[in-house]
Structure formats: structure tokens, C-alpha cells
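Shown next, in C-alpha cells, is the structure this report addresses.
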Amino acid sequence: MTHFYEPRLGHGLPHDPFNAIVGPRPIGWVSTRSNEGVLNLAPYSFFTAFNYVPPIVGFSSTGPKDSLRNVQENGMFVWNLVTRPLAEAMNQTCAPVGPEVNEFELAGLTAAPSRVVDVPRVAESPVSFECRSTQIIQLEGLDKQKVPTWLVLGEVVGIHIADHLLKDGIYDTASAGHILRGGGPADYFTIGPEQLFHMWRPKA
């Protein structure tokens, strides 16, 4: 037996399973700056990498949120890796506060200067991507009607990696303590050495 539903007609479950199935997902912890100089830091559930060379990442903003408006203004953002020690601080930056509120201060985080873009990164995060926006796309459904969601894509123009996460020149994902979003409305997951296994690609 399976549970089948057409999303347009509703799922009939206590919690929409779509997000839980497409996961766990990396968290788009995105820092931006308004043209007036107000800093913003917000986590996005829909975030991933889209291209290797040049490196392009993107996050999806449901509704015209501060991050989207700031990127529309000046074309810059920084992605910051969320690790287990930073989970509670990241959660604080989810708070529904006004655009005048600096989420770095709200969550007790340090805004560190970037090298290429004029947007700070989270100093406590072991990995940050400095990005310049390449495309902002308003999504649309099968009926070609625009939906109030925007995909923000950006080329990574600068990368910060904590030295302790480079083992023999290879990034050590298992030791970094990534956390991922998935499951129910409050569910998160961690990555650690116990989840690691190796599988080499077939040779031509």
C-alpha cells in the first residue's frame, strides 16, 4: 500500500511530507547587507550547489524577504556553513523580526569582513562562500502563473575554509559537523564519521 496524493488537492497528512522527502537538505545560512548598511542573516531551507565550474550556489526565498531585497539591491551575499555548535544561533536568526534588526547581534554572532564582496560572513562558521548574484528567477507553475518564490543564484567568488577541516588537502566533511534540514517542522540531522562510506566511480 502507498499513500498517494496530488499536491494541488492537499496531502491529507498532519505535516506536508514534501520537504521531509527532499532531504536532509543543506541549510542556506545567508548573510546580506542593505544599501543603507543594515546587516541581515537568515537560514533558508532550500539551498544547494548548481554548478561546479564556475561554482554556482542558490537559495529559494518564499516571499520577498530581506535577503532577496538586499541581493536585488546590490547583487551580493555570503553563504555560511551551519555546524552543530552553531545550530542554536542559526535558529535565533529565524526570528520574524523587522528589516532594521541585525541578526548577527540578535544571535550573538561576529560579523567578519569578506575579501571580495562587501557583505560580512559569520566569523564562527568554519566555511563561507562569498557570492555575486548571477540570476534571480521568479518561479512559476504549470499554468505559467508566477508564484511568490524567487530562486537566487550566485557565483562563488571567494571561499573561506578553516584549516583544521583540510586533511591532506581534502575537505573533511565528516569532521565538520554539518547539520541538515529535513523531516518534521523541527527536525534536523547531523553528519559525522559514522555515516561515512566510500564508493569509487566506475572507470571508463
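Details
- Every pair of residues 6+ apart whose Cβ atoms lie under 7 Å, when the first sits in the stretch 125-148 and is assigned to a strand (DSSP E or B) while the second is surrounded by 11 or more Cβ atoms within 10 Å (Cβ to Cβ) and among the acidic types (Asp, Glu): Cys131/Glu155; Arg132/Glu155; Thr134/Glu155; Lys146/Glu140; Val147/Glu140
- Hits in the stretch 88-101 (condition: crowded, with 16+ Cβ neighbours inside 10 Å and touching a strand residue (DSSP E or B) at 6+ places or on another chain (Cβ under 7 Å)): Met90, Thr93
- Scanning the stretch 102-124 for residues being surrounded by fewer than 16 Cβ atoms within 10 Å (Cβ to Cβ), in a loop (DSSP other than H, G, I, E, B) and aliphatic (A, V, I, L, M) gives a total of 2.
- Annotation: Ala95 fulfils all but one of (1) touching a residue at least 24 places away in the same chain (Cβ under 8 Å); (2) touching a helix residue (DSSP H, G or I) at 6+ places or on another chain (Cβ under 8 Å); (3) small (Gly, Ala, Ser); the unmet one is (1).
- Whether a residue is at pLDDT 95 or above and either more than 24 Å from Thr93 (Cα to Cα) or touching a helix residue (DSSP H, G or I) at 6+ places or on another chain (Cβ under 8 Å) (or both) was assessed, and Leu39 passes this test.
- Applying the condition of being in contact (Cβ under 8 Å) with a residue 40 or more places away in the chain and surrounded by fewer than 14 Cβ atoms within 10 Å (Cβ to Cβ) to the stretch 47-66 and asking which residue is farthest from Val157 (Cα to Cα) yields Gly63.
- Among residues of the stretch 67-82, those that are surrounded by fewer than 22 Cβ atoms within 10 Å (Cβ to Cβ) and at negative phi, counted: 5
The values are calculated or read from the model by the stated rules, or taken from the named source; none is laboratory data. None of these values were measured; they are calculated from a predicted model. Neighbour counts run over all protein chains shown; Cβ positions are idealised from the backbone, glycine included.
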